[in-house]
Structures are given as C-alpha cells and as structure tokens.
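**Q** Here's a structure for you.
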Amino acid sequence: MNRKVTKAIFPVAGMGTRFLPATKSVPKEILTLVDKPLIQYAIDEAREAGITEFIFVTSRGKGALEDYFDHSPQLESELRNRGKTDLLDIVKGTNMDSGAIAYIRQHKALGLGHAVLCAQRLIGDEPFAVILPDDVIAAEKPCLKQMVDAYQETGGSMVAAMEVPREKAHAYGILDVDQQFGNLMPVRGMIEKPAQGTEPSNLAVIHRYILTPEIFKHLSRQKFGAGGEIQLTDAIAKEIELGRAVNGLRFEGQRFDCGSKAGFLKATISFALARDDLRDELLGYLHEFVSIDKAAQ
Ligand code: G1P
C-alpha cells in the first residue's frame, strides 16, 4: 500500500503581472471566477482528494491570501441573525482549521522548482501534492482525486497530462511517452518548453503533481533551466533518469488556463453557465451579443 498523500504545496508567489493593474493590490489567486477566488477552487479540489495540510509558498504583497482563510465571526453572526443560512454555509465552507495552513516565503522569484524547494522542511519525508491555482480544472471527479486514486496503485511520482496542439507544445512541459498509451502512462522523459519541432509528444504537463521527497535532492542541485528559472520539470526528469517511476495521468475534465486573460474569461463564462441562477440570463445575453456581432460583419 502506498503512503497516503495528505500534504499539498500551493506555489502562490508569482506577481501576476498579466493581470495588472488589478494585481497591484490583489493577489491573482484572489481573482474570482463568478464569486469564488481561484485559490478556493484549488483548496476545494485538494480537500476532496484527502489533503489535510496546506502549504502556501508566498511572497511580498500576498497578505490578502492569508486574511481570506481567517474565520470571520462578525460576518458569520450577521448572516446568522439575518437568517441568510445559504450565505452562512458558503462562508463557513471557506474556513480552515487552525494549524491546517502554513505559509512560507519564497524570497527570490527563481521559478516553480525553487518555490517547491522552499517547502521542503514542512513536507519532511513523505509524498506530497503540488497544485497551482491558475490551472482550474472542471471535472466530475476532481483532477487531484483522480491522481491520488491512480497513485494508490502505482506509487512513484505522477503528473497531470493533457493533449495540446503541437504548435503550442513549446509553451509547456512536454512528456516523452510510449505512443501506445492509455490514460495512465509511464513517462520516459520530460522537457520544459521544447523548441518548436523538437517536442517528444503533444502531451503537456498541467499544474497538478504528486511527488516523492527525493525530488528535493534534485531541486537543491538543479541548475537554472528554461527561462532562467529552476524548473520543477527538470528535477522530475532527473528522477526518471535515475530509473524511478514517474507516471502521467491523462485526467478527465476541462482545464482552464486562468493565468491568461482569455483562459480566465472562458472559465468565467463556463462556470457561470453551469450555475442555475445565472445560466438563462447569461445565455440570453451571449446569443444576443453573437447575433449583433454576426449582423455587423
Ligand atoms: C508551467 C510549467 C509547465 C507546464 C505549464 C502548465 O509553465 O513549467 O511545465 O506545462 O505551467 O500550465 P508556465 O505556464 O508557468 O510557463
């Protein structure tokens, strides 16, 4: 039986420059899809996968993230007094137990691999998950839960994978796998942002990982890679070189790249259309908008 995964690292130190000026004062992880911050989607996904310890790797200006997870007794009693039980339940659902969240600072922006390394002491000697909140995945069974279940069978390390168009492969970490793969596949190699035409496949790593503590050894020795950053992909590739098992799981669900404006807007529309209280009004507006746009062409 493989050891249970109960800890997750959330690298949230990035400045979110793509969303300036909003991110001058609001951490990008607090930006909301409909009415829920990106970070809450990530926390909910982790909880549903059995995570009980949440480690945030933060940086200057991320205080609002810490405040967000505080209990708010005044707000709760106000909602209770006004009989707003639905809203009270929503607010209570965001409460975290004391001690369940730890925050650690990444003092220099040296990349995702370095952010994960910052959490080494809080992880200790056990397998752990890594979730980046800007990849939001809509799925019946949450993506990390799909991975944790598969990991119970396979052990080793695991990355979430998704097919991307070949011409976009250079923007991702790309897997080298046997072409005869099913949904779960052993990974033979990994390359971060391959030059166009050199990509070993069109299977990209998406921001969900299950890693073993051995990764820290590689991360602490890791040279700067693509983009001049310490890349997590390179450290996982090192694991593979040493003969350790790394699997890719082609998850079921739809991934939204909420680190980009277009991805964020698509997610907003998609999540709003999935809501009974918003669907009809929004759909009516979209139809109207599209027909005006067509008529103008
Ligand atoms: C990061 C990772 C890359 C991964 C991608 C998925 O790249 O380094 O391996 O495929 O996210 O979104 P970034 O988008 O930060 O450049």
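The values are calculated or read from the model by the stated rules, or taken from the named source; none is laboratory data. Being a predicted model, the structure only gives us computed values, none of them experimental. All Cβ positions, glycine included, derive from the backbone under ideal geometry; neighbour counts span all protein chains shown.
**Q** For residues that are more than 10 Å from the ligand (Cβ to nearest atom) and small (G, A, S), tally how many sit in segment 209-238.
**A** 4
**Q** Working carefully through the options I206, I137, find the one that is within 28 Å of L38 (Cα to Cα), surrounded by 15 or more Cβ atoms within 10 Å (Cβ to Cβ) and within 10 Å of the ligand (Cβ to nearest atom).
**A** The unique qualifying residue is I206.
**Q** Something else: Of the residues P186, P213, which single one is in contact (Cβ under 8 Å) with a residue 40 or more places away in the chain, of a type outside the set (K, R), surrounded by fewer than 16 Cβ atoms within 10 Å (Cβ to Cβ) and in contact with a Phe, Trp or Tyr (Cβ under 8 Å, 6 or more places away or on another chain)?
**A** P213
Residues checked against (1) under 24 Å from M158 (Cβ atoms); (2) modelled with pLDDT under 95:
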{"residue": "A8", "(1), (2)": "yes, no"}
{"residue": "P11", "(1), (2)": "yes, no"}
{"residue": "G14", "(1), (2)": "yes, yes"}
{"residue": "S25", "(1), (2)": "no, yes"}
{"residue": "T32", "(1), (2)": "no, no"}
{"residue": "L38", "(1), (2)": "yes, no"}
{"residue": "F56", "(1), (2)": "yes, no"}
{"residue": "S59", "(1), (2)": "no, yes"}
{"residue": "A64", "(1), (2)": "no, yes"}
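**Q** Determine the pairs where a residue that is farther than 15 Å from P213 by Cα and touching a residue at least 60 places away in the same chain (Cβ under 8 Å), located within segment 225-252, has a partner that is within 11 Å of the ligand (Cβ to nearest atom) and of a type in the set (V, I, T) with Cβ atoms under 6 Å apart, the partner being 6 or more residues away or on another chain.
**A** Pairs that qualify, where the first residue is farther than 15 Å from P213 by Cα and touching a residue at least 60 places away in the same chain (Cβ under 8 Å) and the partner is within 11 Å of the ligand (Cβ to nearest atom) and of a type in the set (V, I, T), are G248/V159.
**Q** When you check G263 against the structure, is it without any contact (Cβ under 8 Å) to a residue 12 or more places away in the chain, touching a strand residue (DSSP E or B) at 6+ places or on another chain (Cβ under 8 Å) and more than 30 Å from E153 (Cβ to Cβ), yes or no?
**A** yes
**Q** Looking at E78, E29, which is the one that is charged (D, E, K, R) and buried (at least 21 other Cβ atoms within 10 Å of the Cβ)?
**A** It is E29.
**Q** Among the strands (runs of 3 or more DSSP E) contained in segment 37-156, which hold 3 or more residues that are within 15 Å of A13 (Cβ to Cβ)?
**A** Because the criterion is at least 3 residues that are within 15 Å of A13 (Cβ to Cβ), the strands (runs of 3 or more DSSP E) in segment 37-156 that meet it are 53-58, 101-105.
**Q** Could you run through segment 140-190 and say how many residues are within 16 Å of the chain's Cα centre (by Cα), within 16 Å of the ligand (Cβ to nearest atom) and under 21 Å from I240 (Cα atoms)?
**A** Here the count works out to 8.
**Q** Mind listing whichever residues of segment 239-275 are away from the ligand (no atom under 13 Å from the Cβ), closer than 21 Å to M147 by Cα, surrounded by 15 or more Cβ atoms within 10 Å (Cβ to Cβ) and not hydrophobic (A, V, I, L, M, F, W, C)?
**A** Residues satisfying the conditions are E239, R244, N247, R250, G253.
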